[in-house]
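For reference, the structure is listed below as structure tokens.
The values are calculated or read from the model by the stated rules, or taken from the named source; none is laboratory data. Predicted model, so just to flag it, every value in this text is computed and none were measured. Cβ atoms come from the backbone with ideal geometry, glycine included; neighbour counts cover every protein chain shown. Just the protein is used for accessible areas: all its heavy atoms, side chains included, with ligands, DNA and RNA removed. Shrake-Rupley method; radii C 1.70, N 1.55, O 1.52, S 1.80 Å.
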Amino acid sequence: MGTVASLLAALDRSGHRLTGARRLVADLIAGRDGLFTAADLVADARAQRRRIGRATIFRSLDLLTELGVVERLDLPGGEHAYVPCEPVHHHHVICLRCGRVTEVEDCGMGAVAREVARRSGYRVERHRLELFGVCPDCLGADAAARDAGGSRRAP
Ligand SMILES: [Zn+2]
Ligand SMILES: [Zn+2]
Ligand SMILES: [Zn+2]
């Protein structure tokens, strides 16, 4: 996932200068766990008393998104969030409770895309698929809370 080194390497490979601002944004992203919003990075920078403008953070996120090392997600609620990614094709399963993101490589979507191409006559070039749900940890917490609830009523 998104280590500072892999983010910086992607910038370097694509011929972008490793400015102080870009290094800082890479640092902020690497300090995050799971998905995050631009506002999260602004808040992190402020909390760490590091000087960087909101617009600079947005520009750096756009650039990293373009390079495929950060992916922009549209959440069911209409918000946008980001997640660090490997620049290879994959999908995400996202926990709606804690924001944890798990990458899934094969999804069987290739066959679906081929079928859509066949029916529609389009040449389908790419697809995106994001799945939302509750992660095993959050499910486990639910179960533990239920067990701790005591007073088991007989059916
Ligand atoms: Zn990813
Ligand atoms: Zn979770
Ligand atoms: Zn796929």
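What to note about this one:
- The set of residues from the range 21-51 being farther than 18 Å from residue 99 by Cβ and crowded, with 18+ Cβ neighbours inside 10 Å comprises 22, 24, 25, 26, 45.
- Selection status of residue 155, modelled with pLDDT under 90, outside the structural domain of residue 10 (by TED's automatic domain parsing) and away from ligand 3 (no atom under 16 Å from the Cβ): yes
- Residues located in the range 126-140, provided they are within 16 Å of ligand 3 (Cβ to nearest atom) and open to solvent by 70 Å² or more (accessible area, probe 1.4 Å): 126, 128, 131
- Long-range neighbours under 7 Å by Cβ, at least six apart or interchain, first residue at positive phi within the range 69-87, second away from ligand 3 (no atom under 16 Å from the Cβ): none
- Meets criteria (part of a loop (DSSP other than H, G, I, E, B), modelled with pLDDT of 90 or more and either within 13 Å of ligand 3 (Cβ to nearest atom) or exposed (fewer than 12 other Cβ atoms within 10 Å of the Cβ) (or both)) for residue 123: yes
- Within the range 26-56, the set of residues being of a type outside the set (Gly, Ala, Ser) and under 16 Å from the mean Cα position of the chain (by Cα) comprises 27, 28, 29, 32, 33, 35, 36, 37, 40, 41.
- The range 77-105 - residue that is in a loop (DSSP other than H, G, I, E, B) and either loosely packed, with under 13 Cβ neighbours inside 10 Å or under 10 Å from the mean Cα position of the chain (by Cα) (or both) and, of those, nearest to ligand 2 (Cβ to nearest atom): 100
- Of all the numbered requirements in (1) over 13 Å from the mean Cα position of the chain (by Cα); (2) open to solvent by 60 Å² or more (accessible area, probe 1.4 Å); (3) within 14 Å of ligand 3 (Cβ to nearest atom), residue 113 misses one, and that requirement is (2).
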